[in-house]
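A short worksheet on the structure shown next.
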Amino acid sequence: MTLQSFSLPSATERLTVSYDGIRRAAEIICHGGVVAFGTETVYGLGALSTSRKAVARIFDIKGRPSFNPLINHFATPDRAFAEVTLDIPLREQALALAERFWPGPLTLVLPRHEGSRICDTASAALPSLALRVPQGRAIQEMLRLIDAPVAAPSANRSGLISPSTASHVLSGLDGKIDAILDTGPSAVGVESTVVDLSGARPLLLRPGGITREALEEICGPVDTQTSDNHQPRSPGQLSSHYAPHLPLRLNADHIKASEALLAFGHIPGALRHSPLIWNLSENEDLAEAAARLFAGLHFLDYEGKRRNLSGIAAMPLPSHGMGLALLDRLRRAAAPRPHQN
Ligand code: TXA
Ligand code: MG
């Protein structure tokens, strides 16, 4: 795209999925703007990874701590791999995972190539980079037009619930971002799975849209973070995150007075009298539950506050398949919130 004199929009532009809408989103990003757009996982807040100034705006808009690096988005695996070195012990695993899951909800962390132009603000000055090739016609087209890495965290204020629709994004960021490309509700509904391949064995940094079982089928055993290997390798895994304003209580087997209910499957009698219920999936389908998780938290929080409810109780969830990502998000949504109040 050519750089001519250009001024960023003065209010948040609403763009739709049309040739003009996608082109305008790409144009704003190419000129240093910040644009929210849908991906198959959640809505992202995108800017050029190579521009310190543009990336700094993402951190500022989100209120995100600067030590938490961003994921870089690309139109194709080739472009993604050009930013890193594959001269590593887990080279075959990296290629096999990309071949199987890209485009799709998987992020790979790999050692940065010395020639990469991704700025240190985006990578939090780490020696590794997080790469993702997202799925979806509109975002693929937009990334192709931009033809450069696009840094995009979830399009919410840091610590709050991730957005799976354009209206979730606008409820927090309207007026603060240059534009939003409304691509409809995100199909997967939870963020990408993040796997670190820069060490001796694959390490799962964040469970997400690709299940652990599916990963292991392709690349063999995957380690999980423990407090021992956690600190240096996943700076972004803050314990309190995805937090609604109302307090969240996990594994509920009863309902307290005026508590909303985040249900999963058949609702037992002891929970049925909750005044406000969102069922993630009546058929206990975990993919459906993931797609409805953030919308459910947004709804229960908004409507619960409006009705003066005291909190949200969540029913137990299984820990296999997509359940792992759901439990991770719920645990962090329920964790104490040192940064708030
Ligand atoms: O589905 C997704 O991944 C969404 C959409 C918009 O693509 N993006 C997203 O970004 O969830 P964000 O910023 O909310 O989460 C990025 C995660 C953080 O936990 C961060 O610490 C981790 O990726 N990360 C990024 N670079 C890393 C690196 N070099 N090493 C380890 N972890 C890294
Ligand atoms: Mg996020």
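List of remarks:
- Among the residues of the range 230-252, those that are modelled with pLDDT under 95 and outside any loop (DSSP other than H, G, I, E, B) comprise H230, Q231, P232, R233, A243.
- Those residues of the range 57-78 which are part of a helix (DSSP H, G or I) and touching a strand residue (DSSP E or B) at 6+ places or on another chain (Cβ under 9 Å), in sequence order: R57, I58, I61, K62, P77
- Look at the range 135-154: where a residue is more than 16 Å from D182 (Cβ to Cβ) and at pLDDT 95 or above and a partner is part of a helix (DSSP H, G or I) and not aliphatic (A, V, I, L, M), sitting 6+ places away or on another chain with Cβ atoms under 6 Å, you get I146/C30.
- L205 being more than 16 Å from F101 (Cα to Cα) and either in the same structural domain as H168 (by TED's automatic domain parsing) or touching a strand residue (DSSP E or B) at 6+ places or on another chain (Cβ under 9 Å) (or both): yes
- You will find that of F74, F67, the residue that is modelled with pLDDT under 95 and farther than 22 Å from F294 by Cα is F67 and no other.
- Which numbered condition A96 misses (of (1) outside any strand (DSSP E or B); (2) within 16 Å of ligand 2 (Cβ to nearest atom)): (2)
- The residue of the range 55-101 that is farthest from A179 (Cα to Cα), among those that are polar (S, T, N, Q) and surrounded by fewer than 20 Cβ atoms within 10 Å (Cβ to Cβ), is T85.
- The residue that is farthest from A94 (Cα to Cα), among those in the range 111-126 that are without any contact (Cβ under 8 Å) to a residue 60 or more places away in the chain and within 9 Å of ligand 1 (Cβ to nearest atom), is S123.
- Residue match in the range 198-220 (condition: open to solvent by less than 10 Å² (accessible area, probe 1.4 Å), touching a Leu at 6+ places or on another chain (Cβ under 7 Å) and either at pLDDT below 95 or more than 24 Å from P127 (Cβ to Cβ) (or both)): no
- Any hit, the range 22-39, residues being free of Cβ contacts under 8 Å to residues at least 24 places away in the same chain and open to solvent by less than 60 Å² (accessible area, probe 1.4 Å): no
- The criterion of at least 1 residues that are open to solvent by 50 Å² or more (accessible area, probe 1.4 Å) is met by the following strands (runs of 3 or more DSSP E) wholly inside the range 102-191: 179-182.
The values are calculated or read from the model by the stated rules, or taken from the named source; none is laboratory data. This is a predicted model, so every value here is computed, not measured. Cβ coordinates were reconstructed from backbone atoms using ideal geometry, including for glycine residues, and neighbour counts include every protein chain displayed. We work out accessible area using only protein heavy atoms, side chains counted, and drop any ligands, DNA or RNA first. Shrake-Rupley method; radii C 1.70, N 1.55, O 1.52, S 1.80 Å.
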